[in-house]
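The values are calculated or read from the model by the stated rules, or taken from the named source; none is laboratory data. Values in this document were obtained by computation on a predicted structure and should not be read as measured data. Reconstructed Cβ throughout: ideal geometry from the backbone, glycine too, with neighbour counts over all protein chains shown. Accessible surface areas use protein heavy atoms only, side chains included; no ligands, DNA or RNA. Shrake-Rupley method; radii C 1.70, N 1.55, O 1.52, S 1.80 Å.
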Amino acid sequence: MAEKSSFFNSIGNDRRYKAEDWAAYFATFVGNGVVLKTNAALAVSADAGSMSVSLGAGSAFINGYRYENTAALSLALQTAHASLNRIDAVMVRWNRSLRAMNAYIVTGTPALNPQAQAPARTADIHELCVAHVFVAAGATSVGQSAIDDRRLDSAICGLATMIGEVDTSTLYAQIQADLAAFRADEQADFAAWFAGVQATLGSDTAGNLLNLIQYHAPVVLTVSLPASGWSASAPYTQTVNAAGMLTTDAPLADVVLSATAATAKAQLEAYGYIGRIDTGSGQITVTCYEDKPAVDLTLVLKVVR
């Protein structure tokens, strides 16, 4: 028959339709793949502490036929090989002869460089691979890091979309490349940091660690600024010794106040005259721009390097 049409009401059983007719109808506008209504649709997760994984709830279309998993489905993995790794595949399989669609684990072949089995694609069998599972040699359980989500890989799975299939292989490849680059950058940054730690600690770990802590601990210095030590004209300056001060230091200053209220008041007023503090090697220079203190001052300088 060269021409076909559907669907019309039957009169005297003259319009009978098969499941294949409905499947062919849906296949004209729904492509093969996972129906990604949510991110978790047919996502594969590890069953903690066991050699099994769970297939999340969701649905898929294959050749116009609909598969649905209504609740988490546990799928057992075969025992790991003693010395070789393998990669298993989580498949959703359409089987024409069995008139069924089911999820399966397709066990990979143990090898030094294991490869997952490609989905079967024949006139009677069509598979969607939703995930790969890396089974390490001698493993007694699999973790989430062993699962490689393949739902966006249109070469072996992809998404079910209206009016044909969307090629998501480029998007999937870009995501994998970005993830690999991120991991490489993070590993490089960690290696550089760890090398720096090793260089800092050296062989005498305790001693060098103590030096590192001491280097970063605040340095507190006390200096005295006598009232008679200021220059004669503005801006008024005074340079005093500050043992341990470095040219690159930027100290935070505070004034030590007398226990006598009147003297403390005069010291606070005099402290307010200070406009800047410049550091040198083992010394500081204090500058007052308008007035100079008429009382002796004691400053506490805190330096964080």
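Things to note:
- Residue tally, condition polar (S, T, N, Q) and either open to solvent by 70 Å² or more (accessible area, probe 1.4 Å) or not in a strand (DSSP E or B) (or both), over the stretch 58-101: 7
- Within the stretch 4-42, the set of residues being open to solvent by less than 70 Å² (accessible area, probe 1.4 Å) and of a type in the set (Gly, Ala, Ser) comprises Ser6, Ser10, Ala19, Ala23, Ala24, Ala27, Gly31, Gly33, Ala40, Ala41.
- Residues that are touching a Lys or Arg at 6+ places or on another chain (Cβ under 9 Å) and more than 13 Å from Thr298 (Cα to Cα) within the stretch 239-279 comprise Leu246, Thr248, Asp249, Pro251, Leu252, Tyr273, listed in sequence order.
- Residue match in the stretch 120-139 (condition: open to solvent by 40 Å² or more (accessible area, probe 1.4 Å), within 21 Å of Gly64 (Cβ to Cβ), touching a strand residue (DSSP E or B) at 6+ places or on another chain (Cβ under 9 Å) and not aliphatic (A, V, I, L, M)): yes
- Evaluated against (1) open to solvent by less than 40 Å² (accessible area, probe 1.4 Å); (2) more than 31 Å from the chain's Cα centre (by Cα), Ala146 falls short on exactly one condition, (2).
- Selection status of Ser45, of a type outside the set (A, V, I, L, M), more than 25 Å from Arg121 (Cβ to Cβ), open to solvent by less than 60 Å² (accessible area, probe 1.4 Å) and part of a loop (DSSP other than H, G, I, E, B): no
- A search for C-beta distances below 7 Å between a residue of the stretch 100-126 that is without any contact (Cβ under 8 Å) to a residue 24 or more places away in the chain and any residue that is open to solvent by less than 70 Å² (accessible area, probe 1.4 Å) and aliphatic (A, V, I, L, M), counting only pairs 6+ apart in sequence or on different chains, returns Val106/Ala89; Val106/Met91.
- Residues of the stretch 153-172 classified as open to solvent by 40 Å² or more (accessible area, probe 1.4 Å) and at pLDDT below 70, total: 6
- Within the stretch 261-276, residues that are of a type in the set (A, V, I, L, M) reach partners that are open to solvent by 60 Å² or more (accessible area, probe 1.4 Å) with beta carbons closer than 8 Å, at six or more positions or on different chains, in the pairs Ala264/Leu257; Ala266/Ala294; Leu268/Leu257; Ala270/Ala294.
- If only residues of the stretch 252-305 that are open to solvent by 80 Å² or more (accessible area, probe 1.4 Å), closer than 16 Å to Val219 by Cα and not aliphatic (A, V, I, L, M) are counted, the one that is modelled with the highest pLDDT is Ser281.
- Residue check for Ala192: modelled with pLDDT under 90, of a type in the set (A, V, I, L, M) and under 25 Å from the mean Cα position of the chain (by Cα): yes
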